[in-house]
Ligand SMILES: [Zn+2]
């Protein structure tokens with residue numbers, strides 16, 4: 001199971017102002033990928049206390065609520081001391097139509113990673129989605145870490161006809177986290193003069209992710225597009241949504 005997680009090497013870039021509100025006070029390092037997901041690509045002194053409080057709220061919620069089992073199974077970084085990590089996880093066993101929840105030990109747990117699949121974005125609202133989703137529609141896919149034979153084995157061991165595992169996700173919080181990661185990655189090549197090649201490859205990645213493969217523009221338009229991506233991302237994170 002260790003093969004699932006490859007994130008080991010970190011890289012750093014110094015920014016010196018908050019990438020969300022431009023404040024130069026109370027700056028902390030911003031992990032482009034959340035620290036609770038072993039945080040790669042660290043923007044140093046890049047998030048003020050107020051903005052950091054907002055981003056860490058939705059990141060923390062996702063990793064605590066939705067990823068507790070998988071993070072424990074994979075022994076990922078945590079602020080909790082090893083002793084305080086949970087050692088048992090609930091699984092529902094169904095026998096003769098009756099249901100019983102049993103807390104099973106870590107090695108018997110069935111971790112799920114809920115991820116959100118989105119329909120096409122507004123700028124491409126008429127684009128046909130691979131799985132038929134329309135603009136503003138989404139689907140939640142719980143990604144399995146262990147395969148179904150493990151559930152069968154559990155049903156046999158506990159003498160049940162069927163086994164069920166619950167999972168939860170705050171969809172808006174998850175999407176805000178993805179927007180934050182995308183924003184940090186798009187800021188990354190702009191904060192320091194770095195090699196042209198890296199800059200282009202990163203911009204290409206951002207462009208492909210957001211607009212799909214058909215997007216072409218002049219250098220100037222590209223910059224304007226990037227600016228509007230920043231604005232849209234900022235708006236979706238801090239502006240137009242209700243704070244939980
Ligand atoms: Zn700020």
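Every number here is computed from the coordinates shown, using simple stated rules; none is lab data. Treat the numbers as computed from the prediction; the structure is a model and nothing was measured. Note: ideal-geometry Cβ built from the backbone for every residue, glycine included; neighbour counts use all protein chains shown.
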Sticking with the crude label model, points 7 Å out along Cα→Cβ, report the distance from residue 123 to residue 149 in nm, one decimal please.
4.6
Normalised by the number of residues in the range 86-168, what is the relative contact order in percent for Cα pairs under 8 Å and 6+ residues apart?
36
